[in-house]
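**Student:** Dropping a structure here in C-alpha cells format, bear with me for questions.
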Amino acid sequence: MLSNTSEVDLLSQFTGFLQTPDIRNKYGSEIPVFEFPEVDITEELIAELEKIDHPRNSVLGKRMESFFEIAIKFSNRYELIASNIQVNQEKITLGELDFLLYDHQDIKPLHVELVYKIYILDPEVGQNEKMLIGPNRKDSFLEKMEKITTRQLPLLKHPETQIYLKKYDLNLEEIEQQICFKAQLYSNDPNATLQGDQYFSLQEFQQLEKNNALFYAPKKNLWSSKPESCNQWHSYSDLIEEISGLFQKKKSPLIWMKHEDRFSRFFVVWWK
C-alpha cells in the first residue's frame, strides 16, 4: 500500500478537522447546531495531539472524536464533563453519548453528538439533502440524521442514563442537545460553486490533464487533512495500481494531486 499515517502529521490532520465546515448550517434540522469554539494552536495542544497516535484512533470516527475532545479542552468557552459514555442495562449496551459539555458562555450543560462524514452530491439519488451520499454509496446524510434523532439523542432521556447524569451532578431538564456535523462535500459538476472538490469516474480521471503531477491516496483516517499537508508523493502508474486494487473491493479512494505548487483533492468512484 502507498499510504502511511506518518506521511501526514497529526497537526495537519487536526487543523483540517477544525476547518471542516458544519454542513447543517446549510442542511439543517430542528436540533441546534453546535457552535464550534476558536482554538489556538499552542505547544501544549501539540503535545496533547501526540498522545492520540494509538490503535484506537486508527478509525476516522474515533480520531475525530479525539480531535474534538482536544479542541474542547483548549477552548475558553467549553468544559469537557465526560466523553463516550456507554449506557448499560444488565450487561446490555443501550448506546453511547458522545460528549457532555458545559457551555460557560450560555451557562448550560450540553449533550453533543459528533459526526464527521465525507459525502458526494449525486443528483441521481435525489435533490437537496437526498443527494448527500457516501462515496461507496453505503450511507447518506438523511440516514445518519435519522439515526441520531431516533436513537442517539433519545438515549439521554432513558431511565438508565439518569444514573450517569447524577454521577456528573447533571439535571436532565437543564441539558441542551446539539449536533456537530462536520462534512466534506464532493460534486461531479465542474461548475458547482458549493465547493471546489469533485468526484470522477475512472475514465474521467484518466482524461484529466496531469502534466507530470504527483499523487497520494490517503487512508481514511487521514481524510480530514488537506493535500498541502502531505510530505510524500507517488507516480500516476503507482496510483492506478492502487486504485485497481481498491475498485476490486468496491472502495472509492480519495486522491490528492500535486502539480507544481497547486493542490487538489477528489474521489475516483468505482460505481460510475
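**Student:** Confirm whether ILE41 is more than 17 Å from the chain's Cα centre (by Cα) and assigned to a loop (DSSP other than H, G, I, E, B).
**Tutor:** On the way: more than 17 Å from the chain's Cα centre (by Cα): yes; assigned to a loop (DSSP other than H, G, I, E, B): yes.
It is true that ILE41 is more than 17 Å from the chain's Cα centre (by Cα) and assigned to a loop (DSSP other than H, G, I, E, B).
**Student:** Next question. Would you check which residues across segment 158-172 are more than 17 Å from SER83 (Cβ to Cβ) and of a type in the set (D, E, K, R) and list them?
**Tutor:** If the condition is that a residue be more than 17 Å from SER83 (Cβ to Cβ) and of a type in the set (D, E, K, R), then GLU160, LYS166 are the ones that fit.
**Student:** Run down ILE81, ILE70 and say which single residue is in contact (Cβ under 8 Å) with a residue 60 or more places away in the chain, of a type in the set (Val, Ile, Thr) and within 27 Å of LEU165 (Cα to Cα). Give the steps one after another, and end with the answer.
**Tutor:** On the way: ILE70 fails: in contact (Cβ under 8 Å) with a residue 60 or more places away in the chain.
So the residue among ILE81, ILE70 that is in contact (Cβ under 8 Å) with a residue 60 or more places away in the chain, of a type in the set (Val, Ile, Thr) and within 27 Å of LEU165 (Cα to Cα) is ILE81.
**Student:** Does segment 62-81 include one or more residues that are at pLDDT below 95 and in a loop (DSSP other than H, G, I, E, B)?
**Tutor:** So far as segment 62-81 goes, no, none of its residues is at pLDDT below 95 and in a loop (DSSP other than H, G, I, E, B).
**Student:** Scan segment 62-91 residue by residue and report those that are within 16 Å of GLN105 (Cβ to Cβ) and among the small types (Gly, Ala, Ser).
**Tutor:** Within segment 62-91, ALA71, SER75 qualify.
**Student:** CYS180 passes all but one of (1) touching an Asp or Glu at 6+ places or on another chain (Cβ under 8 Å); (2) modelled with pLDDT under 95; which number fails?
**Tutor:** CYS180 satisfies all of (1) touching an Asp or Glu at 6+ places or on another chain (Cβ under 8 Å); (2) modelled with pLDDT under 95 except (2).
**Student:** Take GLN178 and tell me if it is within 20 Å of PRO123 (Cβ to Cβ) and surrounded by 13 or more Cβ atoms within 10 Å (Cβ to Cβ). Quick ask: steps written out before the conclusion?
**Tutor:** On the way: within 20 Å of PRO123 (Cβ to Cβ): no; surrounded by 13 or more Cβ atoms within 10 Å (Cβ to Cβ): yes.
No; evaluated as a whole, the condition is false for this residue.
**Student:** Considering only segment 98-106, I want to know if a residue exists there that is outside any strand (DSSP E or B), among the charged types (D, E, K, R) and under 22 Å from ILE179 (Cα atoms).
**Tutor:** So in segment 98-106, the residues outside any strand (DSSP E or B) come out as 104-106.
Within this subset, residues satisfying the condition of being among the charged types (D, E, K, R) are 106.
This time we only want the ones that are under 22 Å from ILE179 (Cα atoms), so: 106.
Checking segment 98-106: at least one residue is outside any strand (DSSP E or B), among the charged types (D, E, K, R) and under 22 Å from ILE179 (Cα atoms).
**Student:** Show me the strands (runs of 3 or more DSSP E) found entirely inside segment 133-227 where at least 3 residues are at negative phi, out of contact with any helix residue (DSSP H, G or I) (no Cβ under 6 Å at 6 or more places or on another chain) and touching a residue at least 24 places away in the same chain (Cβ under 8 Å). Walk me through it before giving the result.
**Tutor:** Details: elements: 176-187, 198-201, 214-216.
In segment 133-227, 176-187, 198-201 are the strands (runs of 3 or more DSSP E) which contain 3 or more residues that are at negative phi, out of contact with any helix residue (DSSP H, G or I) (no Cβ under 6 Å at 6 or more places or on another chain) and touching a residue at least 24 places away in the same chain (Cβ under 8 Å).
**Student:** For the subset of segment 107-132 comprising residues that are among the β-branched types (Val, Ile, Thr) and either in contact (Cβ under 8 Å) with a residue 12 or more places away in the chain or part of a helix (DSSP H, G or I) (or both), which member is surrounded by the most Cβ atoms within 10 Å (Cβ to Cβ)? Before you say what the answer is, go through the steps one by one.
**Tutor:** If we filter segment 107-132 for residues that are among the β-branched types (Val, Ile, Thr), which is where we start, we get 107, 112, 115, 118, 120, 125.
Okay, now just the ones that are also either in contact (Cβ under 8 Å) with a residue 12 or more places away in the chain or part of a helix (DSSP H, G or I) (or both), so 112, 115, 118, 120, 125.
Values: VAL112: 21, VAL115: 21, ILE118: 20, ILE120: 25, VAL125: 14.
Among them, the one singled out is ILE120.
**Student:** Right, another one. Condition first: in a loop (DSSP other than H, G, I, E, B) and out of contact with any Ser or Thr (no Cβ under 6 Å at 6 or more places or on another chain). Can you find one or more residues in segment 239-249 that meet it? Steps first, answer last, please.
**Tutor:** Filtering segment 239-249 down to residues in a loop (DSSP other than H, G, I, E, B) leaves 249.
Of the ones still in play, those that are also out of contact with any Ser or Thr (no Cβ under 6 Å at 6 or more places or on another chain) are 249.
Scanning segment 239-249, I find at least one residue that is in a loop (DSSP other than H, G, I, E, B) and out of contact with any Ser or Thr (no Cβ under 6 Å at 6 or more places or on another chain), so the answer is yes.
**Student:** While we're looking at this one, here's another question. Those residues that are in a strand (DSSP E or B) and surrounded by 15 or more Cβ atoms within 10 Å (Cβ to Cβ), I need them from segment 251-262; list them, please. Talk me through it step by step, then tell me what you get.
**Tutor:** Kept after step one, since they are in a strand (DSSP E or B), are these residues of segment 251-262: 254-259, 262.
Answer for segment 251-262, where residues must be in a strand (DSSP E or B) and surrounded by 15 or more Cβ atoms within 10 Å (Cβ to Cβ): LEU254, ILE255, TRP256, MET257, LYS258.
**Student:** Considering only segment 46-64, I want to know if a residue exists there that is among the charged types (D, E, K, R), within 20 Å of ILE179 (Cβ to Cβ), under 17 Å from the mean Cα position of the chain (by Cα) and surrounded by 14 or more Cβ atoms within 10 Å (Cβ to Cβ).
**Tutor:** Going through segment 46-64, the residues among the charged types (D, E, K, R) turn out to be 48, 50-51, 53, 56, 62-63.
With within 20 Å of ILE179 (Cβ to Cβ) added as a condition, the list becomes 62-63.
Next cut, under 17 Å from the mean Cα position of the chain (by Cα) only: 62-63.
The next check asks that each one be surrounded by 14 or more Cβ atoms within 10 Å (Cβ to Cβ); those that pass are 62-63.
Yes, because at least one residue in segment 46-64 is among the charged types (D, E, K, R), within 20 Å of ILE179 (Cβ to Cβ), under 17 Å from the mean Cα position of the chain (by Cα) and surrounded by 14 or more Cβ atoms within 10 Å (Cβ to Cβ).
**Student:** To continue, here is another question. Any chance segment 207-217 includes a residue that's exposed (fewer than 14 other Cβ atoms within 10 Å of the Cβ) and either at pLDDT 95 or above or assigned by TED's automatic domain parsing to the domain that holds LYS117 (or both)?
**Tutor:** Within segment 207-217, none of the residues are exposed (fewer than 14 other Cβ atoms within 10 Å of the Cβ) and either at pLDDT 95 or above or assigned by TED's automatic domain parsing to the domain that holds LYS117 (or both).
The values are calculated or read from the model by the stated rules, or taken from the named source; none is laboratory data. Source: prediction; values computed, not measured. Neighbour counts run over all protein chains shown; Cβ positions are idealised from the backbone, glycine included.
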